[in-house]
Amino acid sequence: MSSPQLHRSSLLSIKKSWDSYFTRLAFKNRAAEWTAIALFFSGLLLWDVLPVEWMIARWSLIIHIIVGILILPLTTGVFWLSHRQLMLKSQKPRLRQTGRALDFILGGCFISGLVLTFLGDTGNLPASLTSDAHLISGLIMGPTMLIHAWRYSVLRFRH
Amino acid sequence: MNLLRPFLCVLCVLFSVNGQTQTIDSPAVSSSSLQWSQDRHTIYSANLWHGSISQRAAAPEHSQLPPQQLSLGKDIRRIAINHQQQELMATDYLNNETIWVDLKSWSIKQRIPTGQRPFGVVYQASHDRYWVSIFEDHQLLAIQDGEIIHSISTLDTPRGLALLDDRLFVTHSMTGQLSIYDVSSLPEKPTTVISLAEIQHTDETVSQGLPRLLDDIAISPNGKEAWLPHVLWNFDHKFQFQSTVFPAVSVIELTPGHEKERIDHRKELFKTINIVSKNRTRIVSNPADAEFSASGKKVYISLSGSDDIIVFDRSRSGKSNKKRHRRKKHSGGAKASQIYRHTPEQNPRGLLIHGNTLWVQQAISHTLTTFDRGGDNAFDRLRLHDTTQHLLTPTNALSVPHIDSIDRGRALFHSANTDLNPAHPIAGDFWMSCNSCHLDGFNFTNQYLLEAYGQDKKKDARVGHTDLDNMISGDFITDYLNIIQKTQGGMGEDDRDGAVLISPQQAPDEIMDDMMDLHHFVTLPHNLPFVATWLRTDEKTPIHPKEFTNSAQCAECHQPIFDQWADSNHRLMGESNPYFMTLLEIAGKEEGESFKDWCLGCHMPNNVLSNTPISNNGHMFEKNGATLKTALANKQPDLDEGTGCLFCHRIMSLEDAGGNAAFTVNLSDRDHYVGEKETDSTLLQWFASRQINSKPGAHKASYIKPFYDDPTLCKSCHNEFAPGTGAMIVDTFGEWESSSYNNPSDPAQHKTCIDCHMHGDIAQIGNNIPGLSTQRGTAKQNVATHQFTGANHHLVGLRNKQQEAMSIQLLRSAATLEQHVGVQRDDSSALIVSVKNVGAGHSLPTGVADFRQFWLEVIMRDVDGNIVFSSGVADDEGNLPTDTRLFMKVMGDTMGQPVGLRFWRYSQLLSDTRIPANGSREERFSIPHSAQPITINTRLLYRIYPQWITRQVQVNQPDLPTPPIVELSSITSVLSLPATLK
């Protein structure tokens, strides 16, 4: 086997391995879901209507930010990328519909979170709308995710 | 003998030896530091500054009850117990909370935050709720099941409380009033306010003055009378021994709907009690608490200054035999029958009576002493029982609770007992203690001392202590001794009882030790930790410089506000203000280094709090906060000067003592974000900023207090009184308070400090200026800008021309000028110039009104242009003629000479030609005979400092530009005088 052929073959092999890994990733929801759950509850503790002590809220806030900007892209983000194809090809309308809704909710929540982190909830109208969008999308995301894939959820505690 | 028997029986009934035989259960409850259990087996005590409560058996036969003590907080003043005997409510005066205690488990059920200085507490059984008086915040709170269910705004300084048939009685300690509320249902119905009589005599040594320091209320068993112990302040003349403070007890008639003071029943305790000792009428001081015997025939009053108990016999109360009393004051039939001199321990306060036993709480030693009352017969005498029990549980190491230097200092502060140290007494002839004026130490009640001043300022502007060597600074011991001698007659000043007059400058060692103890008490964190200034912090001092967040960091989100402040006089008012530095140096040299804190408390408070020496590295010309930005970039702490973002926005409470930086700052105890304090770590700081950005609520709440728009906050530094003497040097707040601008009922008229001095457009004062205080923040209807535009245009102009222009614009908007010709008494003609204060809500000038130059320049020219008259024209060197018509305040020293730069030595007002708010002044100038018409050019001019001061300052700071003379207004008239005028 010539050297270019060998090179091509190894590239194909890597691609195949990657495709295989990526396909398998679409079914590995645990890290992604735990991340989303962590964000959901740490975010919930930051909701002004809940009388949470600042000593708890301050840690909740830093966890929410770190998980949101560092861990979420590496877990939920990658899972979402691989999982999207699966969802689009799904024969089940409910999965397709809730999945598509989650696309928007997750995207909206992530982007509004980034805006709040880097530009701030400064109090003007755009910032207030962003804050509201982040809260609402966060609140909706939890139930939607459970509707979408309760069967596979880490919260089912299957033995 | 048989014939005498009926007569003897009648006598026995009349003079019943056992007070219990006529017991009437009192329906009234009063706030007190001592309370009973329902069965009278247990006594509960509020252990005041020890911060605890105790439970003690009332008698040996109840000794199965173990003595208990529970630490609750800092300063537990009063307690109340519910009728089921299951719970107790205590007020913690210094922690600003009430504490709900479960008596069965002897543990804290709940802490209930309140306003400033909760004091009195009573339990209203009919509604199962407690009433609490909030002394400094002027409130009453109703607390039920651990919740504040109702709040009432009251007159000033509610303190003592009592309840009788759902009528709530409230003493107003510093205004001499008694409020009565009907609290049978909520909301309450205010019934009446009784202002205790303020009596004056021409003879200053007769008991008279303003009723003050009202505290607890004693209600007679039949509910017809209330007795209010208090003192009288008579500050309408110089402080003189036994002529300015008098003890008294006022008597209130409590007939529902007809409550009133029985002025003729008032018990004047000063030199009016016919109990003579050493050929002199006995003097007593500081009546604290009163308690009726069960029959109501005897009243016992603790005298916390002279350490006595005075006993009043009321057996003839209510009998107004006109014949018998026609030549004497009736006094309600109550006569002092005994002065028990002295209680075994110091500072008797709370009292309790059961049967023939009287318990007295002695505050300094935290002990409970038992007395045998004898009975209610007029001839029964109070005798000391042989039991005194400690209210505090001794520690393992000590058989009795430890008394430290602070306690000894506290004892001196509260004592007027001449017998405690006959050779070197703290007060002469048991007259008064420091606490007779400085209630509970040094706090907001100081403002009432200043208000009680009633002398002619031209004779004596000093409210308090005179003859101070160095304003209680540097060698403070000398001045403490000066005060004790000159104010209280102590330390041998009154030597009638064998006291030895000591020299304040050469006090014996034992006296020096006593004064050190006193100093330790005076410098407690809630008193005057820095002595000369009233600035306080409730943090541990010194505060590390790293705790002071660099204001440049705030610019990350609040850039416009930072930019306004960075060049303002609220920032560069310390090392960068050469005038200030010159005066500071003089103050330190004249009075001692520690006196500088009086100035630094407002000008460089961060240095005071962090105990950082000041330097000479000012930056008078610095623009845009350059040094702050550099320090931030280099991660170096920078205390900077003046009042920065963190300092002002971390003022946590105001103590309106009348000025002198009377507020408490706390930098640290705020809601920090994770990493916010790690100023050395760029990464953690970045994360902290992201957190603040994304959830700024906690950040905002940490830096905003409701009183930030209250002019009292500005008063804290823009009112200034001399330490010790209390002479009011600057009273900008008082000038505003009495002006038409202080009109809260008419929002269109009402203007406070921030409406003019924190306004972004001087021409638009009165209108809102919309804008942002945070980048991309909430659009506010009106933004309080942070230039702090004021009269000092010169220094601000060295770095910011826009702010200088705003200052001058503000000055020009303050006054108008008019002139006309009038006729004088000798028929000669005169130019009458009228200057009206049309824009300033205070006098013109205010602040350092002894330095500001605000004057009229008048030049008259004849028809040929020759000057025929001039006034107020500065010479080539900038000096003004001596006859210049200046609008200013001239303060004099004790010798009647102008104080000049040593303004803290102000003792008498020499002149005050300032123009009050809404007022005007007319100045007359003779018009000479000249070729007419005469052209008169009149100008209203202003200069920030006189030339002679600038010259002195320029010796130290040669690059200080000379302040210009600014024309505020001018008017030119051409006059032809009528021939009839001379």
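Could you check segment B:96-121 and list, in sequence order, the residues that are in a loop (DSSP other than H, G, I, E, B) and surrounded by fewer than 20 Cβ atoms within 10 Å (Cβ to Cβ)?
Scanning segment B:96-121 gives B:Asn96, B:Lys104, B:Ser105, B:Trp106, B:Gly115, B:Gln116.
Report whether or not B:Ile692 is of a type in the set (Val, Ile, Thr) and either within 14 Å of chain A (Cβ to nearest Cβ) or closer than 25 Å to B:Val783 by Cα (or both).
The answer is yes for B:Ile692.
Please name all residue pairs, on different chains or six or more residues apart, with Cβ atoms under 6 Å, provided the first residue is in segment B:438-466 and is at pLDDT 90 or above and the second residue is of a type in the set (Asp, Glu).
B:Asn443/B:Glu655; B:Phe444/B:Glu136; B:Phe444/B:Glu655; B:Phe444/B:Asp656; B:Gln447/B:Asp656
Given the residues B:Leu901, B:Leu968, which is the only one that is out of contact with any Cys (no Cβ under 7 Å at 6 or more places or on another chain), open to solvent by less than 20 Å² (accessible area, probe 1.4 Å), part of a loop (DSSP other than H, G, I, E, B) and in contact (Cβ under 8 Å) with a residue 24 or more places away in the chain?
Answer to the selection: B:Leu901.
To keep it simple, each residue is scored yes or no on (1) open to solvent by less than 40 Å² (accessible area, probe 1.4 Å); (2) small (Gly, Ala, Ser).
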residue	(1), (2)
B:Pro605	yes, no
B:Met620	yes, no
B:Ala631	yes, yes
B:Asp671	no, no
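In segment B:910-946, which residues are open to solvent by less than 40 Å² (accessible area, probe 1.4 Å) and either on the phi > 0 side of the Ramachandran plot or touching a helix residue (DSSP H, G or I) at 6+ places or on another chain (Cβ under 7 Å) (or both)?
B:Ala917, B:Tyr942, B:Ile944, B:Tyr945
One residue is enough: does segment B:675-683 have a residue meeting the conditions touching a strand residue (DSSP E or B) at 6+ places or on another chain (Cβ under 6 Å) and either within 14 Å of chain A (Cβ to nearest Cβ) or without any contact (Cβ under 8 Å) to a residue 60 or more places away in the chain (or both)?
Within segment B:675-683, none of the residues are touching a strand residue (DSSP E or B) at 6+ places or on another chain (Cβ under 6 Å) and either within 14 Å of chain A (Cβ to nearest Cβ) or without any contact (Cβ under 8 Å) to a residue 60 or more places away in the chain (or both).
Just the residues that are within 13 Å of chain B (Cβ to nearest Cβ) and touching a Lys or Arg at 6+ places or on another chain (Cβ under 9 Å), please, taken from segment A:66-80.
Answer for segment A:66-80, where residues must be within 13 Å of chain B (Cβ to nearest Cβ) and touching a Lys or Arg at 6+ places or on another chain (Cβ under 9 Å): just A:Ile69.
Are any residues in segment B:43-62 over 16 Å from B:Val360 (Cβ atoms) and open to solvent by 10 Å² or more (accessible area, probe 1.4 Å), and if so, which ones?
If the condition is that a residue be over 16 Å from B:Val360 (Cβ atoms) and open to solvent by 10 Å² or more (accessible area, probe 1.4 Å), then B:Trp49, B:His50, B:Gln55, B:Ala57, B:Pro60, B:Glu61, B:His62 are the ones that fit.
For segment A:41-55, give me each residue that is outside any loop (DSSP other than H, G, I, E, B) and within 11 Å of chain B (Cβ to nearest Cβ).
Passing the criteria: A:Gly43, A:Trp54, A:Met55.
Whether any residue in segment B:856-867 is in a loop (DSSP other than H, G, I, E, B), open to solvent by less than 50 Å² (accessible area, probe 1.4 Å) and modelled with pLDDT of 95 or more is what I want to check.
No, segment B:856-867 contains no residue that is in a loop (DSSP other than H, G, I, E, B), open to solvent by less than 50 Å² (accessible area, probe 1.4 Å) and modelled with pLDDT of 95 or more.
Identify, from the list B:Leu632, B:Leu639, B:Leu667, B:Leu646, the residue that is away from chain A (no Cβ under 14 Å), part of a helix (DSSP H, G or I) and within 34 Å of the chain's Cα centre (by Cα).
Going through B:Leu632, B:Leu639, B:Leu667, B:Leu646 in turn, the sole match is B:Leu646.
Based on what the data block shows, is B:Glu198 open to solvent by 70 Å² or more (accessible area, probe 1.4 Å) and touching a Leu at 6+ places or on another chain (Cβ under 8 Å)?
Here the answer is yes, as B:Glu198 does meet what is asked.
Results for (1) buried (at least 20 other Cβ atoms within 10 Å of the Cβ); (2) under 19 Å from B:Thr774 (Cβ atoms); (3) within 13 Å of another protein chain (Cβ to nearest Cβ), shown as yes or no for each residue.
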position	(1), (2), (3)
A:Gly99	yes, no, no
A:Leu102	yes, no, no
A:Ile105	yes, no, no
A:Leu114	no, no, yes
A:Phe118	no, yes, yes
A:Ser128	no, yes, yes
A:Ile136	no, no, no
A:Leu139	no, no, no
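Within segment B:255-272, track down each residue that is buried (at least 20 other Cβ atoms within 10 Å of the Cβ) and farther than 21 Å from B:Ile219 by Cβ.
Matches in segment B:255-272: B:Phe270 only.
Have a look at B:Thr582, B:Thr541, B:Thr549, B:Thr537 and point out the one that is of a type outside the set (A, V, I, L, M, F, W, C), in contact (Cβ under 8 Å) with a residue 40 or more places away in the chain and touching a strand residue (DSSP E or B) at 6+ places or on another chain (Cβ under 8 Å).
Testing whether each residue is of a type outside the set (A, V, I, L, M, F, W, C), in contact (Cβ under 8 Å) with a residue 40 or more places away in the chain and touching a strand residue (DSSP E or B) at 6+ places or on another chain (Cβ under 8 Å) leaves just B:Thr537.
Could we say that A:Ile14 is in a helix (DSSP H, G or I) and either within 14 Å of chain B (Cβ to nearest Cβ) or buried (at least 16 other Cβ atoms within 10 Å of the Cβ) (or both) here?
The answer is no for A:Ile14.
Restricting to segment B:506-546, name every residue that is of a type in the set (Phe, Trp, Tyr) and open to solvent by 30 Å² or more (accessible area, probe 1.4 Å).
Matches in segment B:506-546: B:Phe530 only.
Regarding A:Val154, is this residue touching a residue at least 60 places away in the same chain (Cβ under 8 Å), of a type outside the set (Gly, Ala, Ser) and away from every other protein chain (no Cβ under 14 Å)?
Judged against the criteria, A:Val154 is a match.
Out of the residues in segment B:696-716 that are open to solvent by less than 40 Å² (accessible area, probe 1.4 Å) and touching a helix residue (DSSP H, G or I) at 6+ places or on another chain (Cβ under 7 Å), which is farthest from the other protein chains (Cβ to nearest Cβ)?
By that ranking, first place goes to B:Lys715.
Of the numbered conditions (1) within 14 Å of chain B (Cβ to nearest Cβ); (2) in contact with an Asp or Glu (Cβ under 9 Å, 6 or more places away or on another chain), A:Ile63 fails exactly one; give the number of that condition.
(2)
The values are calculated or read from the model by the stated rules, or taken from the named source; none is laboratory data. Since we're looking at a predicted model, the values are computed, not measured. All Cβ positions, even for glycine, are placed from backbone atoms using ideal geometry, and neighbour counts span all protein chains on display. Please note that ligands, DNA and RNA were not included when accessible areas were found on the heavy atoms of the full protein model with its side chains. Shrake-Rupley method; radii C 1.70, N 1.55, O 1.52, S 1.80 Å.
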